[in-house]
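The values are calculated or read from the model by the stated rules, or taken from the named source; none is laboratory data. This is a predicted model, so every value here is computed, not measured. Cβ coordinates were reconstructed from backbone atoms using ideal geometry, including for glycine residues, and neighbour counts include every protein chain displayed. Remember, those area values only see protein heavy atoms, side chains included, never the ligands or the DNA or RNA. Shrake-Rupley method; radii C 1.70, N 1.55, O 1.52, S 1.80 Å.
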Amino acid sequence: MKMRARCVSLTLVALAIALPAIARGQDTTTTPGVRLGLSYAAGSKPGVIVLPVPDDYDDSLRSIVQRDLDYSDRMNVITLDPETLQGLVPPLGGKINFALVAKFGAALLIRMTPTSQGLHVAAYDVAKEQLLQSDHFLFDKRDRDWRFAVHGASDQIEQWVFGKRGIAQTRIAYVNNGLLRIVDSDGAETRSITTGRGALSPAWSPKGESVVFTALGNNGTQVQELDVRTGRTRRISQIRAGLNITPIYQPDGSGILYAQGTGNGTDLIFASLDSASEPRRITVGKGTDNTSPSYSPDGHQIAFISGKSGQPQVYIMDADGSNVQLLTAYTAGVRSYRASPDWSPDGRAIAYEQQNGVFQIWMIDVRDRVQKQLTSEGENEDPSWAPDGRHIVLTSSRSGDKQLWILDTESGRARQLTHSRGARLAAWSPILSNPEVGTYSQ
């Protein structure tokens, strides 16, 4: 079996992110009777122009929002030269030239104004020549993580347009040279959250308040939980020498499921976090290996890897271990190693890696069992879904060495996330609208 565990010593440091509280006031400027959302052709991406921000001399606010909307893969960000932009909105409070904005293909216009407490953001429906929605986002640009607050503004723009919040205000945990690290979804602000070597397989809690992972200790590989608000850790797995790997949280956050190896195979173990009950075994391996669990969003089912067929395949079962079914069909005698399943947030599909040559990322529809290959360039492993159920972060060698890349499963567009050799085993956080955490070590 391909396993996410390597032996290295681990020391933890206090961590945190020092995110400013992000508050949004009630909108008092929306035109009465205006329906939220834009009208645009089905299958197309609405064009958006983000205007320059007054007194933002390094243009960072505008750049962050433009990048976030571009990375959403739901909008076409239109860039114009400064002279043309001045013609769209004359200075000194002039009226927006909606007719000219429309000629450049924009359905949406974003106007941002710094305030003493943060940023006022207004979105305009170009076709209707009126305000779509506006809001005030509170943050202090002197704070270390002011950028994360701006990501929240980008996500709210998507909410106004599509009725679904964006994913800019998320983070991705991953492993690099035995360290656990975290990076913003746009690739900025990379930070280590552990020191030493030996961490593997991070997974976020449902509210993003903690991370569970595997670490090497005096008693073999053990499952530990790290509270990102305080930097404190606690051991989850039983204190016994052996293999304890690939932990994940139950969707309601009340327990952790992980794989534990013994002399009679590897089985999935559930440990409750809110009671003194003993961990209980979910699978009965009988000499085979059962690892890499992933819950369905409702917590009723589990996808996992088992070698009971003779080679690793993706199975699903009820959360209590009953009703085990082979999910990924295979042909006996044909090599088709499958591993690292991750259940999509909408519950419709499971992404996984498959090797019949080099590893590639596939997904399978849970209901009709139709399989679809998502990658083909380089070697691609370890998929993890974004909260939007559209994007996946994965490990890829397409740039020459292993890095994290983000893939849009609808368009096939891929972008490189990290630039540090050996990045792997990524886990995408939930949306972190107002996390209470401290400062990560550099």
Practice prompt. May I ask you to list the residues in the stretch 242-257 that are touching a Phe, Trp or Tyr at 6+ places or on another chain (Cβ under 9 Å), in a strand (DSSP E or B) and in contact (Cβ under 8 Å) with a residue 40 or more places away in the chain?
Written response: I245, T246, P247, I248, Y249, I256, L257
Discussion item. Suppose we filter the stretch 48-82 for residues that are farther than 19 Å from Q169 by Cα, at pLDDT below 95 and outside any loop (DSSP other than H, G, I, E, B); how many remain?
Written reply: 1
Discussion item. Give all pairs with beta carbons closer than 9 Å in which a residue from the stretch 182-197 that is aromatic (F, W, Y) meets a residue that is part of a strand (DSSP E or B); count only pairs at least 6 apart in sequence or on separate chains.
Written reply: none
Item to complete: Being of a type outside the set (A, V, I, L, M, F, W, C) and in a strand (DSSP E or B) is the filter; apply it to the stretch 340-353 and report the residue that is surrounded by the fewest Cβ atoms within 10 Å (Cβ to Cβ).
Response: P341
Worksheet item: Can you tell which of Y337, Y315, Y295 is aromatic (F, W, Y), open to solvent by 10 Å² or more (accessible area, probe 1.4 Å) and at pLDDT below 95?
Response: Y337
Worksheet item: Inside the stretch 83-97, can you point out the residues that are open to solvent by 50 Å² or more (accessible area, probe 1.4 Å) and part of a helix (DSSP H, G or I)?
Response: E83, Q86
Response to the item:
With criteria (1) under 29 Å from N177 (Cβ atoms); (2) under 21 Å from the mean Cα position of the chain (by Cα), R390 comes up short on (1)
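Mind checking whether some residue in the stretch 309-323 is within 20 Å of A271 (Cα to Cα), of a type in the set (D, E, K, R), over 18 Å from the mean Cα position of the chain (by Cα) and part of a loop (DSSP other than H, G, I, E, B)? Let's see the steps before the verdict.
At the first step, the residues of the stretch 309-323 found to be within 20 Å of A271 (Cα to Cα) are 316-322.
Then keep just the ones that are of a type in the set (D, E, K, R); that gives 318, 320.
Narrowing the set further to residues that are over 18 Å from the mean Cα position of the chain (by Cα) leaves 318, 320.
Pick out the ones that are also part of a loop (DSSP other than H, G, I, E, B) and you get 320.
Yes, the conditions are met somewhere in the stretch 309-323.
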Worksheet item: Looking only at residues in the stretch 222-236 that are open to solvent by 10 Å² or more (accessible area, probe 1.4 Å), in contact (Cβ under 8 Å) with a residue 40 or more places away in the chain and β-branched (V, I, T), which one is nearest to D68 (Cα to Cα)?
Response: T230
Worksheet entry | Of all residues in the stretch 44-62 being touching a strand residue (DSSP E or B) at 6+ places or on another chain (Cβ under 9 Å) and either more than 21 Å from D125 (Cβ to Cβ) or among the hydroxyl-bearing types (S, T, Y) (or both), the one that is most open to solvent (accessible area, probe 1.4 Å) | D55
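Matching residues to (1) at pLDDT below 90; (2) more than 14 Å from the chain's Cα centre (by Cα); (3) within 18 Å of T113 (Cα to Cα); (4) open to solvent by less than 10 Å² (accessible area, probe 1.4 Å):
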residue: R147; (1), (2), (3), (4): no, yes, yes, no
residue: S154; (1), (2), (3), (4): no, yes, yes, yes
residue: R165; (1), (2), (3), (4): no, no, no, no
residue: Y174; (1), (2), (3), (4): no, no, no, yes
residue: L180; (1), (2), (3), (4): no, yes, no, yes
residue: G187; (1), (2), (3), (4): no, no, no, no
residue: S201; (1), (2), (3), (4): no, yes, no, yes
Worksheet item: Being part of a loop (DSSP other than H, G, I, E, B), modelled with pLDDT under 90 and open to solvent by 40 Å² or more (accessible area, probe 1.4 Å), is that true of even one residue in the stretch 420-432?
Response: yes
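Does any residue of the stretch 208-219 turn out to be closer than 26 Å to W343 by Cβ, open to solvent by 50 Å² or more (accessible area, probe 1.4 Å) and in contact with a Lys or Arg (Cβ under 7 Å, 6 or more places away or on another chain)? Reasoning before the result, please.
Here is the first cut: in the stretch 208-219, the residues closer than 26 Å to W343 by Cβ are 208-215.
Filter again for open to solvent by 50 Å² or more (accessible area, probe 1.4 Å), leaving 209.
Checking which are in contact with a Lys or Arg (Cβ under 7 Å, 6 or more places away or on another chain) leaves us with 209.
Within the stretch 208-219 (the criterion being closer than 26 Å to W343 by Cβ, open to solvent by 50 Å² or more (accessible area, probe 1.4 Å) and in contact with a Lys or Arg (Cβ under 7 Å, 6 or more places away or on another chain)), the answer is yes, since at least one residue qualifies.
Counting only residues that are among the hydroxyl-bearing types (S, T, Y) and open to solvent by 40 Å² or more (accessible area, probe 1.4 Å), which one in the stretch 273-292 is modelled with the highest pLDDT?
First, pick out the residues of the stretch 273-292 that are among the hydroxyl-bearing types (S, T, Y): 275, 277, 283, 288, 291-292.
From what's left, open to solvent by 40 Å² or more (accessible area, probe 1.4 Å): 275, 277.
Details: S275: 72, S277: 82.
It comes out as S277.
For the stretch 354-404, name all the residues that are in a strand (DSSP E or B), acidic (D, E) and over 16 Å from A423 (Cβ atoms).
As a first pass, look at the stretch 354-404 and keep what is in a strand (DSSP E or B): 354-355, 359-365, 371-373, 380-385, 391-396, 403-404.
If we keep only those that are acidic (D, E) too, we end up with 365, 381-382.
Within the stretch 354-404, D365 is the sole residue that qualifies.
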Item to complete: Please find, among L69, L131, L119, L108, the residue that is touching a strand residue (DSSP E or B) at 6+ places or on another chain (Cβ under 7 Å), open to solvent by 10 Å² or more (accessible area, probe 1.4 Å) and in contact (Cβ under 8 Å) with a residue 40 or more places away in the chain.
Response: L131
